[in-house]
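Asks: My structure is below; once you've seen it, I'll send some questions.
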């Protein structure tokens, strides 16, 4: 392997935008698209009214295939993946589960790396405009504002739902919610009482997981879980690194406890994990986190919430060590009076990082640093008329690298009928500088500069509702104006050092739409679409020796279709097909054409406690390419596995 | 493909073994709701001949299933009548209230608005963590519930030991 290739690989570990060595909600609480209601079937001929209360308590039940929710009030492009969707899909990891959201683009890079973005800018190094939360804990890295998905290996059965918002998250979400928010919530411990065992084995992967939950008195519950997985080496892609292994295996364990009464809800949870990425011996990741949250209703018109967490991760990859320790404290107050829903709050986050590079001269200066982020926000939702609401909010945010920045947003929600929501929004969001943006050095060629926040003003509008009793539909359009997007440039006049600057501006627009139709009581069809057009140019006096790599590599169109079948009580199946368009703007990189792929899951309930399933990913081709990342990419492969799940 | 064959073989092998038909989760919850009235004593029970009032406050996930379940109950000469309402201010006269707001905060708001009355409040873990006196959850594929007997006692309600015995967990009265 040449030195140059190695330099690329290191950049992989630092995950920075240096492609060539030549050179944001609103009602987060209000869930999702309204499912068409399933008619209640008579349960096996049994008349429930004839059963004693003890017999009722012993009756096995079939969960509603979708949560019945009131139409979401959230005036955003919101897609909800339910825990049931995930368990009924072929997804075997969190990034694979995110393929269920039509408003995300998911690119598998290799066995452990994924690039995931909404509304463009996708690649490992440039998917840096997303806020990702797991139970309120922010998981994007302050190193480069991206997400290292190989640090996130939850037990999928614990996931209650994943809200995917494309577009700025608005006032209520934390920093970095520029192009989207992925808000992952695990089940309350009171919903996971009892035991669950799962094992899978297949052509490419194996897993084992166990969970056990108990009630703690009448107001509390606790669960503990452990999760082990192995994904084998992928084949080299031809355009990517040669001889780089990417087998990914490891474990994760943790607990969650919840205590609730009418007034109070207290949550304490934590995880610990260790995994190996077999690029070099000892490469891998480990970490721990613990989070506490207390929500208290002060009266029927006021409540407050306070949350604190600690999170520590260490990544070892190709002779570099990247560690990040985060302490976060946030609090908010909700007030409800006279047609107004007022939310105000604030947060404080501090991180201490260290980046040690034993491979080449790229370094962060200083090697270790503590950073601070402070924010305060206020938002009011008020009803102008019974069907028309206005949401106005502003967040003020300051970081160690920036002065005070204001992020306002204004939204209008109109409910002409119970089944219809029309909304429009304009919002401002910023991506504040990361450590790499400000302090990456390769002396004497590259030095840290004065990189400023990247800025977005987003105009959005959408419809969400039930055009018929059996169909729910969401359509949204957006027009995003970006300024100060990152470039890599020589000094004005052409001299050294090279610095990261804010030389690009432009706009993007697109449409996102999805529907769910309950065709018959046993067949549900989900369709999805997202499109993206980008138009960016250099600001006067600027250029980019990284060849506008910062804009990412995105498909112009994505189409999704998924059928969920439940023909008999014991049998559940899901079949999904996706068409991902060719990646755009690959000036310096190999072309990645559009492709069709399909996943399937067939689940058979053998007894009351045991279910067996067969699942397959990427069924249409033995291998295909999802990314043109020449420093990391390997082939995505067809994978078929069988699994068993026992609940007791 | 070997795996698929194995699954098929197992399925055939098992075809003779009885698997009890599963009842829809919401149908079982709907069957529980009017039944709770049998196991609770109110400080002021309904007048002779008047029905128990089972109120659905906020979102109704049950629909006609609940009306059917209620119509088959007769408790000490009282029928069970179902009333539906969006807000808590019309809840006077309810003995039981299933509470589900549009959001968790909304559920809390509705619960607290019912606090001044002797109403057995019931919530569902599927709708959020906020708990009434009875809180439905699923344990090993069955509908079960937590009981907050302390809160019930505070409103003058008495819950029978037969119902308490079925709870996944009980917050005991002090």
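Asks: With the radius of gyration and the Kirkwood radius both derived from the Cα set of the stretch B:22-171, what is their ratio Rg to Rh?
Replies: Numbers: Rg = 14.0 Å, Rh = 15.2 Å.
Over the Cα atoms of the stretch B:22-171, Rg/Rh equals 0.92.
Asks: If each of residue A:469 and residue A:49 carries a label point 7 Å out from its Cα toward its Cβ, how far apart are those two points in nm?
Replies: Result for the modelled spin labels: 2.3 nm.
Asks: Going highest first, how would you order A:131-137, B:86-92, A:395-401 by mean Cβ packing within 10 Å?
Replies: On the way: A:131-137: 21.6, B:86-92: 14.7, A:395-401: 19.6.
In descending order of packing, they fall as A:131-137, A:395-401, B:86-92.
Asks: Same structure, new question: What FRET efficiency do you get for residue A:282 and residue A:457 if R0 is 51 Å and r is their Cβ-Cβ distance, rounded to the nearest 0.05?
Replies: Numbers: r = 46 Å, r/R0 = 0.90.
Computed FRET efficiency for residue A:282 and residue A:457: 0.65.
Asks: Given a Förster radius of 35 Å and the C-beta distance between residue A:342 and residue A:509 as r, what FRET efficiency does 1/(1 + (r/R0)^6) yield to the nearest 0.05? It would help to have the intermediate numbers written out before the result.
Replies: On the way: r = 33 Å, r/R0 = 0.94.
The formula returns an efficiency of 0.60 here.
Asks: Between the helical axis of B:104-113 and the dominant principal axis of chain B, each derived from Cα atoms, what acute angle in degrees is found, rounded to the nearest 10?
Replies: It works out to around 30 degrees.
Asks: Can you tell me the length gained on complete extension of the stretch residue A:404 to residue A:481, counting 0.36 nm per residue apart and subtracting the Cα distance? Present the calculation step by step, with values, prior to reporting the outcome.
Replies: Numbers: separation 77, 0.36 × 77 = 27.72 nm, distance 2.12 nm.
Gain on extension, residue A:404 to residue A:481, equals 25.6 nm.
Asks: Grab the DSSP H runs of chain A that are 4 residues or longer, score each as -39,500 (n - 2.57), total them, divide by all residues and round the 222 nm result to the nearest 500 deg cm²/dmol.
Replies: -1000 deg cm²/dmol
Asks: What is the mean number of Cβ atoms from other protein chains located within 10 Å of the Cβ atom of each residue in peptide A:187-193, rounded to a whole number?
Replies: Numbers: counts 2, 5, 3, 12, 7, 4, 9.
What the average comes to for A:187-193 is 6.
Asks: So, one more: If each residue's Cβ is checked for other Cβ atoms within 10 Å, how do A:121, A:490, A:231 rank with the fewest at the top? Walk me through the numbers on the way to the answer.
Replies: Details: A:121 28, A:490 16, A:231 21.
Fewest to most other Cβ atoms nearby, the residues stand as A:490, A:231, A:121.
Asks: Would any residue of the stretch B:108-125 have its amide N under 15 Å from a label point 7 Å out along Cα→Cβ of residue B:89? List them or say none.
Replies: Of the residues in the stretch B:108-125, B:110, B:113-114 have backbone N under 15 Å from the label point off residue B:89.
Asks: How many Cβ atoms of partner chains, on average, are near each residue of B:26-35 if near means within 10 Å of its Cβ?
Replies: 5
Asks: Also, I was wondering about something else. Sort A:560, A:442 so the one with the fewest other Cβ atoms within 10 Å of its own Cβ comes first.
Replies: On the way: A:560 19, A:442 16.
So the ranking, lowest neighbour count to highest, is A:442, A:560.
Asks: Given R₀ = 45 Å, FRET efficiency for residue A:417-residue B:153 by Cβ-Cβ distance, to 0.05? Walk me through the numbers before you get to the answer.
Replies: Values: r = 44 Å, r/R0 = 0.97.
With a Förster radius of 45 Å, E is 0.55.
Asks: Next question. Spin-label point model (7 Å from Cα, Cβ direction): what's the residue B:165 to residue A:208 distance in nm?
Replies: 4.0
Asks: What does the protein assembly as shown give for Rg and for Dmax, in Å, if only its C-alpha atoms count?
Replies: Every Cα atom of the protein assembly as shown included, Rg and Dmax give 27.1, 95 Å.
Asks: Based on the mean of other beta carbon atoms within 10 Å per residue, what is the order of A:599-605, A:146-152, most packed first? Kindly include the intermediate steps, with their values, before the conclusion.
Replies: Details: A:599-605: 20.4, A:146-152: 22.9.
Peptide ranking by packing, descending: A:146-152, A:599-605.
Asks: Looking only at other chains, what is the average number of their beta-carbon atoms within 10 angstrom of each beta-carbon in B:118-127?
Replies: Numbers: counts 0, 0, 0, 1, 0, 2, 0, 10, 8, 5.
Neighbouring Cβ atoms belonging to other protein chains average 3 per residue here.
Asks: Counting alpha carbon pairs within less than 8 Å and at least 6 residues apart, what relative contact order, in whole percent, applies to the stretch B:22-171? Before the final figure, lay out each step's value.
Replies: Details: 279 pairs, mean separation 32.2, N = 150.
So the answer I get is 21 percent.
Asks: As a footprinting exposure proxy, order B:144, A:370 by other Cβ within 10 Å, with the fewest listed first. Mind dumping the intermediate values first?
Replies: Working: B:144 22, A:370 11.
Fewest-to-most Cβ neighbours within 10 Å comes out as A:370, B:144.
Asks: Same structure again: Once fully extended, how much extra length lies between residue A:300 and residue A:582, figured as 0.36 nm per residue of separation less the alpha-carbon to alpha-carbon distance? Intermediate results must be reported in sequence, preceding the final value.
Replies: Details: separation 282, 0.36 × 282 = 101.52 nm, distance 5.27 nm.
Result for the pair: 96.3 nm of gain on full extension.
Asks: So for the pair residue A:331, residue A:557, with labels modelled 7 Å out along Cα→Cβ, what separation do we get in nm?
Replies: Distance between the two pseudo-spin positions: 5.3 nm.
Asks: Quick check: residue separation of residue A:622 and residue A:385 times 0.36 nm, minus the Cα distance between them. What number comes out in nm? Intermediate values should be presented prior to the final figure.
Replies: Numbers: separation 237, 0.36 × 237 = 85.32 nm, distance 5.67 nm.
Additional length available on full extension: 79.6 nm.
Asks: Hey, what number do you get for chain B at 222 nm if only DSSP H runs of n ≥ 4 count, each worth -39500 (n - 2.57), divided across all residues, to the nearest 500?
Replies: Numbers: 6 runs with 52 residues, N = 174.
Per the formula, -8500 deg cm²/dmol.
Asks: Can you give me the Cα centroid spacing of the stretch A:158-186 and the stretch A:598-629 in angstrom?
Replies: A separation of 27 Å, based on Cα centres.
Bear in mind that the values in this text are calculations on the coordinates, not laboratory data. Computed from a predicted structure; not experimentally measured. Quick reminder, even Gly has a Cβ in these numbers, built from the backbone with ideal geometry, and neighbours come from all protein chains shown.
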